[in-house]
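What follows is a set of notes on a single structure, which appears directly below.
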Amino acid sequence: MMTPMLALLALLQVATDPVRVTLTPAVAQLQVDATLQLEVKAYDAQGREVPVETPAFFTTSPRVVRVDATTGLVTALAPGQAQLSAVVQGVVGFAEVEVPALPPAELVVSGPTQALPQGASALLEVVVRDRMGEILSRAPLTFHSESPSIVTVDAGGRITGLTPGEGSVRVRSGDADARVSLRVVSNPAVSYDIVPGEASLRTGDVIRFRLEAMDNVGRPVEGFHPAWSVEGVGAQMEVEGAEGVFVAETPGRYRVQAVVGPTRVESTVVDVEPRGLEARLEQVGRGPAGEGATHHSGDTWIFEGVDGRDYALIGTFFHDWMKVWDVTDPASPVLTDSIQMDARRINDVKVHPNKRIGVATREGASNRRNGMVILDLSTPAHPTILSTYDETVSGGVHNVWITEDPDLIYACHNGTADIHIIDISDPVNPREVGRWGVESEGKSLHDIIVQDGYAYASYWDDGLIILDVGAGTHGGTPTTPVYVSGFKYPSGNTHTAWRQGDYLFVGDEIFPEDWDPYAPIEARGYVHVLDVSDIDHPREVARYEVPEAGVHNFWPEGDYLYVGYYQAGLRVLDISGELRGDLYRQGREVAVLKTTDENTMVPNWPMTWGAQPHKGNIFTSDLNSGLWIARFIREGRVVF
């Protein structure tokens, strides 16, 4: 029985426990490099202020601000929005900080490479950067002709040649300015034609128009960069150099126009039909995530073992087993083994091209020695642990990529957020032989893939990073990466990337802050399509975004991109030909399979992890329900 004194002490303890924590200022604006001291107060259930004991400070946006974990001193690092929090005896208080964009510091202006014919026009291209080198896509620009009798310029940066001669245009943005020199020549052209002329195509097909000018004896006249436009809702026209790039989302008839100059407009007609591809995904087999789906599944890798049979390795999420499935008969997968590891997450599994060695990544180990597990696959139905490597990656490894000749693992280490390059030529004794990382506070490295001598690293808020690791273009080697280029977008969350030809498909992953793996997750994010034909200057040209859903992993093969689109299921995208604009709205998505039913961790809620084509089938895991196997059937024929 509690004595009166103990009861009083208990009441006093309850009365002084905080139930509400506040941060001051709750909302603030902070310039880059400036600092701000947060003040923390705590209140009990009666609204009385109570002493604050050892608060802990955090931020969800380490790229934007840095916060001292014990003092609450905030330093602004880069433009953006940041949420700050302080924890006092398990109670959390929040604050918001906005770091405004830096002013323009540099302008780069490009004009036409050829002389501008009299009466013709061209668009100036302007890139604005702040002092940190970030592109300011929305910076206001003003244009002024310093030779108005020779060349004029409108508010959008389109110049028009008036009379032959040398002229210049000045461009300003804030305190930054630049000047571009131009030359106008006489115009002997007497006729103009849009090439090709009238055209017929499908939604999603790209056609490039150009203007041909001829003089009075039929000789071509160069230097025309018309203003291209399209009449009709459901199509877009982009200006690229002298060309007009057309693509339509909606069937119909469209009129394409080329404004040569103030007094001349040429036009042609484009008829667009529906894309019309008959295709579907058909479920073939299923490998549930345990009896009654008792745990979450992670990444999947499919391979033909040295015994000639086909296998799927599947990691687990909040679980310590890697599953091994014999999928030789895709309609009847057989669970052959489960390999237990000290981990709370086996996120990634990969198989060496020699099919004899596998790698599983570990996070959340009980002894905090995470790293990787090297698997002996000489008996693929029953892998054994050959060795572990955690010497330089004990903070956990999220994803890896394996190369052959040389035998290397490129590991994404959670602790350093660097790429750690591990030599596995002797798989019993792995050793680190190289390392590379971006120089950025609060950096986070999520994924890496190596193709044809280039590494494509998904660096979350720091964007996509391309490295030469043996391509021979920038001096890199497999163990000494050299920076080639990068690309990032305002939303950040750069999650994964995969190259196919001149295109790099880049996915971003966005989860709600309060996501719960045991409940429906409303993920967001989409696939950015980058043109990397000029590897030094990647540029976004298209997107694939399924409404109200979030993309995860994908695999391009041939003319198709096989996509794990989380709650939108397994999906197939037609990526044939040139890609421009909104691929989903163009009808390039051709097949869908929802990887769920009522017997999953979260009933009737798919969370499709990824996709891998293998021997006529598409394999994927679902976070909530394990292994799924499907066939992609197009026009009555199995594609995969």
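The values are calculated or read from the model by the stated rules, or taken from the named source; none is laboratory data. Worth saying up front: this structure is predicted, and the values here are computed from it rather than measured. So basically every Cβ, Gly included, is an ideal-geometry build from the backbone, and we count neighbours across all protein chains shown. Note: accessible area is taken over every heavy atom of the protein model, side chains too, but ligands, DNA and RNA are not part of it. Shrake-Rupley method; radii C 1.70, N 1.55, O 1.52, S 1.80 Å.
Taking the range 59-80 on its own, how many of its residues are modelled with pLDDT of 90 or more and assigned to a strand (DSSP E or B)?
The total comes to 7.
Quick check, is residue 280 part of a strand (DSSP E or B), within 20 Å of residue 113 (Cα to Cα) and open to solvent by 60 Å² or more (accessible area, probe 1.4 Å)?
On the way: part of a strand (DSSP E or B): yes; within 20 Å of residue 113 (Cα to Cα): no; open to solvent by 60 Å² or more (accessible area, probe 1.4 Å): yes.
It is false that residue 280 is part of a strand (DSSP E or B), within 20 Å of residue 113 (Cα to Cα) and open to solvent by 60 Å² or more (accessible area, probe 1.4 Å).
Please verify whether residue 628 is farther than 21 Å from residue 501 by Cα, open to solvent by less than 10 Å² (accessible area, probe 1.4 Å), among the hydrophobic types (A, V, I, L, M, F, W, C) and touching a residue at least 60 places away in the same chain (Cβ under 8 Å), treating the condition exactly as stated. Walk me through it before giving the result.
Working: farther than 21 Å from residue 501 by Cα: yes; open to solvent by less than 10 Å² (accessible area, probe 1.4 Å): yes; among the hydrophobic types (A, V, I, L, M, F, W, C): yes; touching a residue at least 60 places away in the same chain (Cβ under 8 Å): yes.
Yes, satisfied.
Under the condition of being in a strand (DSSP E or B) and out of contact with any Gly (no Cβ under 7 Å at 6 or more places or on another chain), which residue from the range 315-337 is surrounded by the most Cβ atoms within 10 Å (Cβ to Cβ)?
Of the range 315-337, the ones in a strand (DSSP E or B) are 315-317, 321-326, 334-337.
Now narrow it down to the ones that are out of contact with any Gly (no Cβ under 7 Å at 6 or more places or on another chain): 321, 323-324, 326, 334, 336-337.
Working: 321: 17, 323: 27, 324: 23, 326: 20, 334: 13, 336: 16, 337: 18.
If we take residues in the range 315-337 being in a strand (DSSP E or B) and out of contact with any Gly (no Cβ under 7 Å at 6 or more places or on another chain), then 323 is surrounded by the most Cβ atoms within 10 Å (Cβ to Cβ).
So in the range 349-391, with the set limited to residues that are among the hydroxyl-bearing types (Ser, Thr, Tyr) and surrounded by fewer than 19 Cβ atoms within 10 Å (Cβ to Cβ), which one is farthest from residue 471 (Cα to Cα)?
Residues of the range 349-391 among the hydroxyl-bearing types (Ser, Thr, Tyr): 361, 366, 378-379, 384, 387-389.
Subset that is surrounded by fewer than 19 Cβ atoms within 10 Å (Cβ to Cβ): 366, 378-379, 384, 387-388.
Working: 366: 40, 378: 32, 379: 34, 384: 34, 387: 30, 388: 30 Å.
Filtering the range 349-391 for residues that are among the hydroxyl-bearing types (Ser, Thr, Tyr) and surrounded by fewer than 19 Cβ atoms within 10 Å (Cβ to Cβ), the one farthest from residue 471 (Cα to Cα) comes out as 366.
Among 173, 145, 110, 168, which is the only one that is of a type outside the set (Lys, Arg) and touching a Leu at 6+ places or on another chain (Cβ under 6 Å)? Before the answer, list the steps.
Working: 145 fails: touching a Leu at 6+ places or on another chain (Cβ under 6 Å); 110 fails: touching a Leu at 6+ places or on another chain (Cβ under 6 Å); 168 fails: touching a Leu at 6+ places or on another chain (Cβ under 6 Å).
Just one listed residue meets the conditions, 173.
State the number of residues belonging to the range 521-556 that are open to solvent by 50 Å² or more (accessible area, probe 1.4 Å) and either closer than 28 Å to residue 238 by Cα or touching a helix residue (DSSP H, G or I) at 6+ places or on another chain (Cβ under 8 Å) (or both). Lay out the reasoning, then the answer.
Step one: filter the range 521-556 for residues open to solvent by 50 Å² or more (accessible area, probe 1.4 Å), giving 522, 524, 533-534, 536-537, 539-540, 543, 545, 547-548.
Restricting the remaining residues to those that are either closer than 28 Å to residue 238 by Cα or touching a helix residue (DSSP H, G or I) at 6+ places or on another chain (Cβ under 8 Å) (or both) gives 524, 533-534, 536-537, 539-540, 543, 545, 547-548.
Number of matching residues: 11.
In the range 23-42, which residue that is part of a strand (DSSP E or B) and open to solvent by 40 Å² or more (accessible area, probe 1.4 Å) is nearest to residue 76 (Cα to Cα)?
35
Filter the range 601-615 for residues that are assigned to a loop (DSSP other than H, G, I, E, B) and over 14 Å from residue 283 (Cβ atoms) and give the result. Before the answer, list the steps.
Let us first name the residues in the range 601-615 that are assigned to a loop (DSSP other than H, G, I, E, B), namely 601-607, 609-611, 615.
Residues satisfying the conditions are 601, 602, 603, 604, 605, 607, 609, 610, 615.
Look at the range 84-103 and say how many of its residues are within 26 Å of the chain's Cα centre (by Cα) and touching a residue at least 40 places away in the same chain (Cβ under 8 Å).
Kept after step one, since they are within 26 Å of the chain's Cα centre (by Cα), are these residues of the range 84-103: 84, 96-102.
Restricting the remaining residues to those that are touching a residue at least 40 places away in the same chain (Cβ under 8 Å) gives 84, 96-100, 102.
Final tally of qualifying residues: 7.
Would you pick out the residues in the range 43-61 that are crowded, with 18+ Cβ neighbours inside 10 Å and either among the hydrophobic types (A, V, I, L, M, F, W, C) or under 30 Å from the mean Cα position of the chain (by Cα) (or both)?
Taking the range 43-61 and keeping what is crowded, with 18+ Cβ neighbours inside 10 Å, we get 50, 55, 57, 59, 61.
Across the range 43-61, the qualifying residues are 50, 57, 59, 61.
With respect to residue 385, determine if the residue is assigned to a strand (DSSP E or B) and within 23 Å of the chain's Cα centre (by Cα). Give the derivation first.
Working: assigned to a strand (DSSP E or B): yes; within 23 Å of the chain's Cα centre (by Cα): no.
Criteria not met by residue 385.
Give the residue that is nearest to the chain's Cα centre (by Cα), with candidates limited to residues of the range 499-511 that are open to solvent by 40 Å² or more (accessible area, probe 1.4 Å) and on the phi < 0 side of the Ramachandran plot.
We begin by selecting, within the range 499-511, every residue open to solvent by 40 Å² or more (accessible area, probe 1.4 Å); these are 499-502, 510-511.
Add one more test, that the residue is on the phi < 0 side of the Ramachandran plot, and what stays is 499-500, 502, 510-511.
Values: 499: 12, 500: 15, 502: 16, 510: 10, 511: 14 Å.
Here the answer is 510.
If you check 456, 518, 503, 483, which single one turns out to be in contact with a Gly (Cβ under 9 Å, 6 or more places away or on another chain) and aromatic (Phe, Trp, Tyr)? Even if it seems obvious, please write down each step before you answer.
Values: 456 fails: in contact with a Gly (Cβ under 9 Å, 6 or more places away or on another chain); 518 fails: in contact with a Gly (Cβ under 9 Å, 6 or more places away or on another chain); 503 fails: in contact with a Gly (Cβ under 9 Å, 6 or more places away or on another chain).
One residue alone meets the criteria, 483.
Report those strands (runs of 3 or more DSSP E) wholly inside the range 141-186 carrying at least 2 residues which are in contact with an Asp or Glu (Cβ under 8 Å, 6 or more places away or on another chain) and surrounded by fewer than 20 Cβ atoms within 10 Å (Cβ to Cβ).
Numbers: elements: 142-145, 151-153, 158-161, 165-173, 176-185.
By residue number, 165-173, 176-185.
Select from the range 464-492 the residues that are on the phi > 0 side of the Ramachandran plot and either crowded, with 19+ Cβ neighbours inside 10 Å or among the hydrophobic types (A, V, I, L, M, F, W, C) (or both) and list them in ascending order.
Matches in the range 464-492: 470, 492.
Return the total of residues in the range 569-600 being within 23 Å of residue 518 (Cα to Cα), part of a loop (DSSP other than H, G, I, E, B) and either aromatic (Phe, Trp, Tyr) or under 21 Å from the mean Cα position of the chain (by Cα) (or both). Spell out the reasoning first.
Taking the range 569-600 and keeping what is within 23 Å of residue 518 (Cα to Cα), we get 569-570, 593-600.
The next check asks that each one be part of a loop (DSSP other than H, G, I, E, B); those that pass are 569, 594-600.
So of that shortlist, the ones also either aromatic (Phe, Trp, Tyr) or under 21 Å from the mean Cα position of the chain (by Cα) (or both) come out as 569.
Residues in the range 569-600 being within 23 Å of residue 518 (Cα to Cα), part of a loop (DSSP other than H, G, I, E, B) and either aromatic (Phe, Trp, Tyr) or under 21 Å from the mean Cα position of the chain (by Cα) (or both): 1 in total.
Select from the range 397-426 the residues that are over 25 Å from the mean Cα position of the chain (by Cα) and part of a loop (DSSP other than H, G, I, E, B) and write down the one among them that is nearest to residue 353 (Cα to Cα).
404
Would you mention how many residues in the range 265-278 are more than 18 Å from residue 585 (Cβ to Cβ) and touching a residue at least 12 places away in the same chain (Cβ under 8 Å)? First the steps, then the outcome.
Initially, the range 265-278 is screened for residues more than 18 Å from residue 585 (Cβ to Cβ), giving 265-269, 271, 278.
Filter once more, so that each one left must be touching a residue at least 12 places away in the same chain (Cβ under 8 Å): 266-269, 271, 278.
Qualifying residue count for the region: 6.
Could we say that residue 121 is among the hydroxyl-bearing types (Ser, Thr, Tyr) and touching a Pro at 6+ places or on another chain (Cβ under 9 Å) here?
Values: among the hydroxyl-bearing types (Ser, Thr, Tyr): yes; touching a Pro at 6+ places or on another chain (Cβ under 9 Å): yes.
The answer is yes for residue 121.
From the residues in the range 236-249 that are of a type outside the set (Asp, Glu) and in contact with a Ser or Thr (Cβ under 7 Å, 6 or more places away or on another chain), which one is nearest to residue 124 (Cα to Cα)?
The selected residue is 237.
Has the range 113-120 got at least one residue that is open to solvent by less than 20 Å² (accessible area, probe 1.4 Å) and part of a loop (DSSP other than H, G, I, E, B)? Quick ask: steps written out before the conclusion?
Pass one, the range 113-120, residues open to solvent by less than 20 Å² (accessible area, probe 1.4 Å): 116-117, 120.
Subset that is part of a loop (DSSP other than H, G, I, E, B): 120.
Yes, the range 113-120 contains at least one residue that is open to solvent by less than 20 Å² (accessible area, probe 1.4 Å) and part of a loop (DSSP other than H, G, I, E, B).
Test residue 343 against the stated conditions and say whether it is part of a loop (DSSP other than H, G, I, E, B), open to solvent by less than 10 Å² (accessible area, probe 1.4 Å), over 22 Å from residue 450 (Cα atoms) and in contact (Cβ under 8 Å) with a residue 24 or more places away in the chain.
For residue 343, the condition - part of a loop (DSSP other than H, G, I, E, B), open to solvent by less than 10 Å² (accessible area, probe 1.4 Å), over 22 Å from residue 450 (Cα atoms) and in contact (Cβ under 8 Å) with a residue 24 or more places away in the chain - is met.
Which of the residues belonging to the range 616-640 are in a loop (DSSP other than H, G, I, E, B) and either closer than 13 Å to residue 553 by Cβ or in contact with a helix residue (DSSP H, G or I) (Cβ under 9 Å, 6 or more places away or on another chain) (or both)? Can you show your working first?
As a first pass, look at the range 616-640 and keep what is in a loop (DSSP other than H, G, I, E, B): 616, 623-625, 635-636, 639-640.
Of everything in the range 616-640, just one residue is in a loop (DSSP other than H, G, I, E, B) and either closer than 13 Å to residue 553 by Cβ or in contact with a helix residue (DSSP H, G or I) (Cβ under 9 Å, 6 or more places away or on another chain) (or both), namely 623.
Considering every residue within the range 131-140, establish whether at least one is open to solvent by 70 Å² or more (accessible area, probe 1.4 Å) and touching a residue at least 40 places away in the same chain (Cβ under 8 Å).
The answer is yes; a qualifying residue exists.
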